[in-house]
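As structure tokens, the structure follows; a few thoughts come after it.
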Amino acid sequence: MVSLQRSDNSKTTGKDQAILLAAQTLFAQFGHKKVTMDEIAGNARVSKATLYKYFRNKDQVFDQVVQMEAEELMRLIRGAVDKEQTIEDKLKAHLLTRMGKIHELINYYRVTQESWGDFWPHLANTGQSFVRKEERIVRDVLEQGMRAGELDIERLGIVAHLTVIALKAIDFPWVLKDNEVTAQEYADQMVHMMMNGIRKR
């Protein structure tokens, strides 16, 4: 499991960060429904009064854990993309990072794929916010490609959105299970198809 890291924009302090890290572990191991506030306080080594000083209830704790996991995945994707030079390599880095890390962010993964219905509409804003941020990364890459003369895209917003929606399909664990295709081969082929299409030339 990927551990949460505080971002510069995070509103958390040392104490509530410790609570969120403790809660992240519990939620990942036992699931949202089975974890209690008493257990979160115990795992964080704080009193129940201290826990309630920072969080109204378990749902708020869980909401913050999921948001922080989403931010961590976004940070990893952005970092991987920024390290690459070519448009194709940037898109591959995005795809491979997403494929490699999303299952480690267990609570975010559960909300977005395994049991979305259990949390909708409570965490709808978190999911929508993540999609918008991911679209921004893809849009930035595509805009770089257009400025470099490598890409010709008429409706950039729609293409960025469709790319992110298509990437969400790989979040499901069965996509590559029992498949001889490696993640790298999957990324190479998907980006090749995005860049060149499948029409016979």
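The values are calculated or read from the model by the stated rules, or taken from the named source; none is laboratory data. Because the structure is a prediction, the values reported are computed rather than measured. Neighbour counts run over all protein chains shown; Cβ positions are idealised from the backbone, glycine included.
Worth pointing out:
- Exclusive hit being in the same structural domain as Ala70 (by TED's automatic domain parsing), surrounded by fewer than 20 Cβ atoms within 10 Å (Cβ to Cβ) and modelled with pLDDT of 95 or more, set Glu84, Glu104, Glu114: Glu84
- For beta carbons closer than 6 Å, sequence separation of 6+ or different chains, a first residue in segment 75-88 that is closer than 19 Å to Met194 by Cα and a second that is at pLDDT 95 or above and loosely packed, with under 15 Cβ neighbours inside 10 Å, there are no qualifying pairs.
- For the residues Leu76, Leu95, the requirement of being hydrophobic (A, V, I, L, M, F, W, C), assigned to a helix (DSSP H, G or I) and buried (at least 23 other Cβ atoms within 10 Å of the Cβ) singles out Leu95.
- With respect to the conditions (1) surrounded by 20 or more Cβ atoms within 10 Å (Cβ to Cβ); (2) in the same structural domain as His192 (by TED's automatic domain parsing); (3) among the aliphatic types (A, V, I, L, M), Ala23 falls short on a single one, namely (2).
- Residue within segment 41-54 that is out of contact with any helix residue (DSSP H, G or I) (no Cβ under 7 Å at 6 or more places or on another chain), outside any helix (DSSP H, G or I) and surrounded by fewer than 19 Cβ atoms within 10 Å (Cβ to Cβ) present: yes
- Matching residues, segment 13-65, being under 22 Å from the mean Cα position of the chain (by Cα) and of a type in the set (Phe, Trp, Tyr): Phe27, Phe30, Phe62
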